[in-house]
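Everything on this sheet refers to the single structure shown next.
Just so you know, all these numbers are worked out from the coordinates, no wet-lab data involved. Nothing here was measured: the structure is a model prediction, and the numbers come from that model. Please note: Cβ atoms are built from the backbone with ideal geometry, for glycine as well, and neighbour counts cover all protein chains shown.
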Amino acid sequence: MPDFRSYCPTLDPNVPQITLSADESHHLISVNRARQGDPVIIFDGFGNEWASEITIANKREAVLEGKAFNHHSPPLQRIALAQSIPKSKGLENIIRKATELGIQDIYPLISNRTETKIRDGKEKTKNEKWLGVAIEGAKQSGNPFIPTIHPAQRLDLFLEKESGNFQLKLIASLEEGSATLHGQIEKAVLNPNASGIFLVGPEGDFTETEYTQIRQADFLPVSLGPYVLKCETAAVKALSILQHEFSKWAP
């Protein structure tokens, strides 16, 4: 795989000449110091890639010539993360790691103990920033897909309107007696098209009232080990284990 990867959301297998946006051109030419003739993989986040070559190394409007087009089929199994928004840049770190792992959906949630607040009118800006982080993760990892980052929403609305779209619903839990992830999956009836979502709480965990709502939405409590993990660590560990377990049902 070439050292350089660039993002272009509008790839066409019939149009081999690609002009990058100003931001992508700057990153490729000024930051990565790519030059005319260098090979670059351009991806659109939907599984399409052009193996290309730089023809105009302009830091404001780089132009590349596609040499070979490739389409990657999406995974049969859908794995998602529902994450109560942590403070500072916690969610950005989680999005980057989840993209590197190949997770398909990320649901940022606002719960009672969420410390980070999204000001009115700033939702679009926040989503654009999260998308940028996912693109960075896809560039670094070579993942041809970018996860769908859903708009931030309240936990209760997510439980009511979104969580029912998944076959297996799990929550990272500190409750005594929580089963292991392997144990919960063993009891589930899964198939090659299985879908699963992991719910991870904020610093300080969910409240008792929220736990009641989560249980009523049929989420199964899962232990991630004997230690109390930061939410960022819990998210990455949970997704990694779920991905491993789901791979056993892959064709």
Relative exposure of V200, V222, V133, judged by other C-beta atoms within 10 Å (fewest first) | V133, V222, V200
Mind checking segment 136-231 for trypsin sites (Lys or Arg not before Pro) that DSSP puts in a loop (not H, G, I, E or B) and that have at most 13 other Cβ atoms within 10 Å?
-> K230
To the nearest 0.05, what FRET efficiency results for E115 and A51 with a Förster distance of 41 Å applied to their C-beta separation?
-> 0.40
Relative to the chain, whose Cα atoms define the longest principal axis, helix 90-101 and its Cα axis are tilted in degrees, nearest 10, by 70 degrees
In order through segment 70-87: 3J(HN,Hα) via Karplus (6.51 cos²θ - 1.76 cosθ + 1.60), integer Hz, x for Gly, Pro | 9, 10, 9, 6, x, x, 5, 8, 9, 10, 10, 10, 10, 10, 5, 4, x, 6
Expressed in nm to one decimal, what extension gain is obtained for the pair Q36 and K87 from 0.36 nm per residue of sequence separation less their Cα-Cα distance?
-> 14.2 nm
When the helices in the chain are scored as -39500 (n - 2.57) per DSSP H run of 4 or longer and the sum is shared across all residues, what 222 nm value do you end up with, to the nearest 500 deg cm²/dmol?
-> -9000 deg cm²/dmol
Take the Cα gyration tensor of segment 78-247, multiply each eigenvalue by 5, square-root it, and list the three semi-axes largest first, rounded to whole angstrom.
-> 23, 20, 15
Once amide H atoms are placed 1.01 Å from N in the peptide plane, what residues at a sequence separation of 5 or more from N48, or on another chain, have their amide H within under 5 Å of its amide H?
-> H72
Karplus 3J(HN,Hα) series, Hz, for segment 14-21 with 6.51 cos²θ - 1.76 cosθ + 1.60 (x for Gly, Pro) = 9, 10, x, 8, 10, 10, 7, 5
Run down the lysines and flag those whose C-alpha is under 17 Å from the C-alpha of K237, throwing out any fewer than 8 positions away in its chain.
-> K97, K169
Using +1 on the beta carbon of Lys and Arg, -1 on that of Asp and Glu, and nothing else charged, what's the dipole of the chain about the Cα centre, debye to 20?
-> 340 debye
So who's got an amide H within less than 5 Å of the one on A82, skipping anything under 5 residues away but keeping other chains? H placed 1.01 Å off N, in plane.
-> Y107, F198, L199, V200
Long-range tail of P(r) for segment 34-75 (Cα pairs > 11 Å, %) = 63 percent
Over all directions, segment 4-71 yields a Cα convex hull whose mean projected area in nm² is 3.6 nm²
Convert each backbone phi in segment 54-69 into a coupling constant with the Karplus relation 6.51 cos²θ - 1.76 cosθ + 1.60 (shift: θ = phi - 60°), then list the ³J(HN,Hα) values in order as whole Hz, x for Gly and Pro.
-> 6, 9, 10, 8, 9, 5, 9, 7, 6, 10, 10, 10, x, 10, 8, 9
